[in-house]
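Chemist: Sending over a structure as structure tokens; questions will come in a sec.
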Amino acid sequence: MQPGTYTVDVYISNMADQVLAEARQVILVDSSVEFTKISYEDGNVTLTAQAKYICGDPEYQFWYKDSEGWKCPGDFDYNTRNTVSFEATAGQTYEVVVYAKDQNAARHWKQAAVACGSIAALEDNPKEPTAFIPGEPLDQNEMRITFMGTSVVPRRGQQCNSVFVETGNGDSFIFDMGSGVSANYVAMGIPYSRMDKVFLTHLHGDHMSDLTTLYCFGPSLDRKTPLRLFGPSGDTADDGTMAFAEALKQLTKWHVESFCFTSTGLKNGKSGYDIEVKELPYMEVGGIAYNENGVKITHFPAVHDRDGSISYKLEWNGLSMVFSGDTKPNYFMTNQAKGVDVLVHEMVVPPEVWAAKNSGLKPGDPGWQQAINYTTAVQDSSHTTQKAFGYILSQTNPRLGVATHFQVNDDTVGPAMKDIRTWYQGPVTLAKDLLVINVSKDNIRQRYAEVSDYAWYPAPKLYPPDQLAPPKYPSPLDQLNNELLEQVIPASAYE
Ligand SMILES: [Zn+2]
Ligand SMILES: [Zn+2]
């Protein structure tokens, strides 16, 4: 089914084809709405939104929040206009929300799509309205940060954690590779040859699960060079990234062998299925993980659940980015991230929200105490609250603060922004998947990418055939025994 508006009918008839009862409902599939322009001029904020996959004329409803609370700048009800203005004071922060729905959809339709944003510092220049289209060249002086996954819970709209960083010198880096993010890398047109350096913050599944996909399928496509894996040490050797990489090789042995009917490496003797691990002492502050072609990546400890988690800082061309991984708020971070251009930091919903969403229970229900005990324990051992994230920003003052690892919902964004704003009034974004941030010395531009939900792998990097190592198995049938081959129905029987 393609995204769009569908009218569904159901009839009950008797044997004589007489309709006894019927019902009709309009449903919206994969609809969404985004702000396409937010500008401030002559004392007015103008909001423009665009709904997607709402067939027919979409109807919009806008809201903004000032010091007195939420207000509707247009008509209170839904309206087909997609632009509204309201009087605003320069320097004030307004949270803005837009809802969209199909005119034909019943008024009581509850799942109107929502987008939220916040204008941190109103200026007289409108924000860039256009979406990011994959394949856009990167300026040689810019850095680009793409959020491929932004959640703890694997969800359709938000995969688990991964950030892809590109530098204008042509290099690219992956920070964490949580479950589900491979689909977003494909949708963004990133070939495996550009996914050859992975920096893990820690070894939780929501940060490393899709490394299996990256490792398994890279060499049969266009990553013919070893996977370079960077990650923390543990308190013992079998707790660290080195042991993890060995285990990954064992886990994927059958897959790797099966794909060795094709060339998986170059003639220099190295295979795409080799893993070159650089294990980083997890207690080191400012230790160098990577230092090539002008890109320096250092690491420092994170405080998360168990010894052996780290955060990273990337510096290139006078630009910088810090990626926290999972962590409780800590002083390593406030020291290392001071004045960074972009601080990407984890944040979680309050334990009571997490417990309610996870369990469907409410305070007083049987099982509630158990649910809240669990989420409180997770938060206390491992994570950064909304207020703590605001505090970290107030101590580091990045040009842009980005919260990730956070479930973005209609009812989580507002309270989170409120908590953050108790400490910090500068530019803040709560990341959803496919947020693209271009960073240059004088501008930080944020856009969401428009991609296909049904993308194929992007065009691979091509190697001259004489550089490729010969496959281990000359024929794709070499790994099947005769008994299996004898049972294969010949093509002549059905073609
Ligand atoms: Zn974790
Ligand atoms: Zn996590």
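What follows draws every value from the coordinates through simple rules; no lab data is involved. Since the model is a prediction, treat every value here as computed from it, not as a measurement. A quick note on method: Cβ atoms are made from the backbone with ideal geometry, for glycine too, and the neighbour counts reach across all protein chains shown.
Chemist: Go through Lys249/Lys338; Lys65/Lys362; Lys253/Lys313; Lys253/Lys432 and tell me which ones have a Cα-Cα distance over 32 Å in this structure.
Modeler: Beyond 32 Å: Lys249/Lys338; Lys253/Lys313; Lys253/Lys432.
Chemist: For Glu486 and Arg445 in the same chain, what is the full-extension length gain: residue separation times 0.36 nm, less their Cα-Cα distance, in nm?
Modeler: Result for the pair: 8.7 nm of gain on full extension.
Chemist: Ok, one more. Would you mind ranking Trp70, Trp316, Trp354 by Cβ crowding within 10 Å, fewest neighbours first?
Modeler: Trp70, Trp316, Trp354
Chemist: Restricting attention to segment 126-213, which trypsin sites (Lys or Arg not before Pro) occupy a DSSP loop and are surrounded by at most 10 other Cβ atoms within 10 Å?
Modeler: Passing both the DSSP loop test and the Cβ count: Arg156.
Chemist: Could you please rank Asp433, Asp102, placing first whichever residue has the fewest other Cβ atoms within 10 Å of its Cβ?
Modeler: Asp102, Asp433
Chemist: Next question. Counting other C-beta atoms within 10 Å, and keeping those with at most 16, which DSSP coil GluC sites (Glu not before Pro) do you find in segment 1-74?
Modeler: Glu68
Chemist: Sticking with this one: Chymotrypsin sites (Phe, Trp or Tyr not before Pro) within segment 376-442: which are DSSP loop residues with at most 16 other Cβ atoms inside 10 Å?
Modeler: Listed in order of number, the matching sites are Trp423.
Chemist: Taking the Cα centre of the chain as origin and charging only Cβ (+1 Lys, Arg; -1 Asp, Glu), how large is the dipole, in debye to the nearest 20?
Modeler: 560
Chemist: Also: Using alpha-carbon positions, what is the distance between the centroids of segment 144-191 and segment 23-37, in Å?
Modeler: 26
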